[in-house]
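To keep things clear, I will list the structure first and then write my remarks on it.
The values are calculated or read from the model by the stated rules, or taken from the named source; none is laboratory data. Being a predicted model, the structure only gives us computed values, none of them experimental. Every residue, glycine as well, gets a Cβ built from its backbone with ideal geometry; the counts of neighbours run over all protein chains shown.
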């Protein structure tokens with residue numbers, strides 16, 4: 001079970017990062033709250049729900065956030081190097097290529113665009129790039145933590161198997177010693193049996209000799225008794 005979990009983790013990491021990640025911030029026109037605006041987006045090959053949570057947290061740094069479905073609006077935003085007071089329009093949606101994070105800016109009634117306000121636009125690009133970069137980095141760090149946990153479990157399992165192997169070897173040696181002792185005892189028992197048989201045979205001979213002596217003594221006693229009869 002543990003080996004399967006580790007294999008799944010490795011396959012997951014390889015599937016996500018089989019090639020070098022190239023973060024791109026691209027231009028596109030989207031509609032948010034009936035406003036059609038030129039903005040920019042980044043495709044992030046990670047779970048949409050995780051990206052939504054992270055993006056919402058990031059947007060709240062720039063001002064009071066209004067959210068409806070997958071769309072976000074900040075009416076009075078302060079975005080470093082982009083605008084002091086502007087409107088931010090954003091949306092997060094799932095695509096076949098990944099989670100699409102898009103945003104656009106309106107300052108003084110004008111949609112901030114690359115050609116008209118390149119400095120602010122590039123600053124916004126940088127912020128979106130950094131968000132995307134951090135999203136991947138945090139995901140990789142989580143995978144590192146999961147991999148380290150899996151490694152720790154694998155090491156413990158290995159150590160357990162080593163201990164079990166050592167115990168098996170120890171038990172095997174103990175069994176061999178016990179077997180040897182039993183074999184020696186069996187040999188000794190066999191020798192004792194042979195000796196006992198010999199002693200039994202000798203005992204029977206001794207019994208026969210003793211019985212013969214008894215008979216002789218009985219005859220001797222009778223002879224002595226008969227001598228009394230001979231006295232007149």
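So which of 61, 27, 52, 56 is more than 24 Å from residue 138 (Cβ to Cβ) and either modelled with pLDDT of 95 or more or over 28 Å from the mean Cα position of the chain (by Cα) (or both)?
So the residue among 61, 27, 52, 56 that is more than 24 Å from residue 138 (Cβ to Cβ) and either modelled with pLDDT of 95 or more or over 28 Å from the mean Cα position of the chain (by Cα) (or both) is 27.
Can we say residue 133 is in a strand (DSSP E or B) and under 30 Å from residue 41 (Cα atoms)?
No; evaluated as a whole, the condition is false for this residue.
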